[in-house]
Amino acid sequence: MSESTTPPLAELVRQVRKTREYKRLTDAIPYTRFMGIGVENLAGEMLCRMAFNPRNIGNSLIPALHGGTLGALLESAAVFELLLQTNTERVPKVISLTVDFLRSGKPQDTFAKALVTRQGRRVANVRVDAWQDDRTRPIASAHALFLLSEP
Amino acid sequence: MSDDFTLPEDKAERMERCAIFYTDVVPHNHALGLRLVDIRAAEATVELPYAENLVGNPETGVIAGGAVTTLIDATCGTAVFLKLDRFAPLVTLDLRIDYLRPARPGIVLTCVADCYRLTRQVAFVRAFVHQGDPGHPVASAQGTFMRTEE
């Protein structure tokens, strides 16, 4: 399924951890490319950004982003945090995801930052916040559990 | 109460009214290709067709969790409208999704959501996602929604 020029995902992850060319990784995943979700270093901190796209609207009247797109951003931020900031060898598998929707998402770019609260040998617990203009007023937050390896 | 927001009694007409949330008024539902395939009293069934651009892991071809989250959120919302018998402004308060087994690539994902409790302000919904056998769901979910009118 991957193109001949694209290395296997694990190898790509190892390269991007060193080079910080995050776009190589997010472009290799069809869904993050489709959603406009990218990884950036801003002021020395690794963040996720979901670029605004009219296609991501859930309520045209307000207008507001679809709740599902915020869930997607939060889950992606958690996965990229585990892939790029820890030394997991394989793509973490989500076990469960709980999203609190706090404010409606305006039609503009949305940011997310994940924090690995515990990383065990098999399971990682991750918390994620998403915001737009004001980081102290998150629009959604999540906590997620990931399986890191098979027994 | 009979107005543009009240759902008709006839099932086919009800389906048609609810389906516009997938074909028309919700851009992201349309972008994912979601389609309403069945309704009951307080239950909606929505399909997410497999598509290459929704793949979350290019090595397995499995659909991204984010697309499944959107499928569940949308289906739960429709279940609440059916329980209410009308369209009303609604926001998702929270949504918990458990991934019970790996989804298989290339196969449609079907979400069945049931609004099992409705209070004046809050609706409680549970949902399952399967790939052909409802007895072997790939995900289960629990959501709460708030009515924002009044």
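The values are calculated or read from the model by the stated rules, or taken from the named source; none is laboratory data. On a predicted model such as this, the values are computed, not experimentally measured, just so you know. Positions of Cβ are generated from backbone atoms using ideal geometry, with glycine treated the same way; all protein chains shown enter the neighbour counts.
Per-structure values
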{"item": "In region A:76-116, the residues that are assigned to a strand (DSSP E or B) and without any contact (Cβ under 8 Å) to a residue 60 or more places away in the chain", "result": "A:93, A:94, A:95, A:96, A:97, A:98, A:99, A:100, A:101, A:115, A:116"}
{"item": "Residues satisfying the stated conditions in region A:103-126, i.e. over 21 Å from residue A:35 (Cα atoms) and touching a strand residue (DSSP E or B) at 6+ places or on another chain (Cβ under 7 Å)", "result": "A:115, A:116, A:117, A:118, A:122, A:123, A:124, A:125, A:126"}
{"item": "Among the candidates B:67, B:44, B:31, residue that is modelled with pLDDT of 95 or more, closer than 24 Å to residue A:64 by Cα and more than 14 Å from chain A (Cβ to nearest Cβ)", "result": "B:44"}
{"item": "Matching entry among A:64, A:72, A:10, A:51 (being among the hydrophobic types (A, V, I, L, M, F, W, C) and in contact with a helix residue (DSSP H, G or I) (Cβ under 6 Å, 6 or more places away or on another chain))", "result": "A:72"}
{"item": "Extreme residue, nearest to residue A:101 (Cα to Cα), among residues of region A:117-142 that are within 16 Å of the chain's Cα centre (by Cα) and outside any strand (DSSP E or B)", "result": "A:139"}
{"item": "Filter pass, residue B:32 being buried (at least 17 other Cβ atoms within 10 Å of the Cβ), of a type in the set (A, V, I, L, M) and over 25 Å from residue A:90 (Cβ atoms)", "result": "yes"}
{"item": "Options B:85, B:38; residue that is more than 7 Å from chain A (Cβ to nearest Cβ), farther than 23 Å from residue A:90 by Cβ and without any contact (Cβ under 8 Å) to a residue 40 or more places away in the chain", "result": "B:38"}
